[in-house]
Amino acid sequence: MPAYVYVVMRARPGMEAQLEAAMREAVGRGLAEPGALRYELLRDAADPRALAFFGKWETREQHRHHVAQPYVAAFHERIADWVEHKEIRLFDAAPDAEGGPTGR
């Protein structure tokens with residue numbers, strides 16, 4: 001079953017460009033990993049300091065493998081002083097009435 005991850009971060013004032021650059025780099029590395037189906041960087045339409053990752057992995061195990069990579073820990077350490085708020089959420093697909101996937 002696919003795993004979906006949604007990570008929202010709000011940059012401290014003046015740290016928006018640094019955070020966005022680091023997140024762009026992380027997206028590129030994440031997409032190169034086995035099982036990464038989708039990994040996007042999003043900018044909040046109403047808050048220029050808020051950015052998000054949206055990712056889709058073939059399985060939770062592949063997502064766990066991604067999170068265990070040393071560069072992921074280094075990323076979170078690197079950005080710690082630039083981020084005012086961070087929320088990480090892991091989702092499973094919500095099946096339709098027949099148990100199949102919803103949407104595309």
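The values are calculated or read from the model by the stated rules, or taken from the named source; none is laboratory data. All of these numbers come straight from a predicted model, not from anything done at the bench. Here the Cβ positions follow ideal geometry from the backbone for every residue, glycine too, while neighbour counts run over all protein chains shown. These accessible areas exclude ligands, DNA and RNA; they are computed on the full protein's heavy atoms, side chains included. Shrake-Rupley method; radii C 1.70, N 1.55, O 1.52, S 1.80 Å.
Some values worked out for this structure:
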quantity	calculated
Meets criteria (among the basic types (Lys, Arg) and at pLDDT 95 or above) for Arg78	yes
Condition met for Ala50 (of a type in the set (Gly, Ala, Ser), touching a Lys or Arg at 6+ places or on another chain (Cβ under 6 Å) and in contact (Cβ under 8 Å) with a residue 12 or more places away in the chain)	yes
Qualifying residue in the stretch 22-34 (condition: small (Gly, Ala, Ser), open to solvent by 20 Å² or more (accessible area, probe 1.4 Å), over 24 Å from Thr59 (Cβ atoms) and modelled with pLDDT of 95 or more)	no
Tally, over the stretch 40-69, of residues that are aromatic (Phe, Trp, Tyr) and within 21 Å of His85 (Cβ to Cβ)	2
Output for the stretch 48-68, where each listed residue is open to solvent by less than 40 Å² (accessible area, probe 1.4 Å) and over 9 Å from Gly35 (Cβ atoms)	Ala50, Leu51, Ala52, Phe53, Gly55
Top-ranked residue of the stretch 69-88 - restricted to ones that are open to solvent by less than 90 Å² (accessible area, probe 1.4 Å) and without any contact (Cβ under 8 Å) to a residue 24 or more places away in the chain, ranked as nearest to the chain's Cα centre (by Cα)	His76
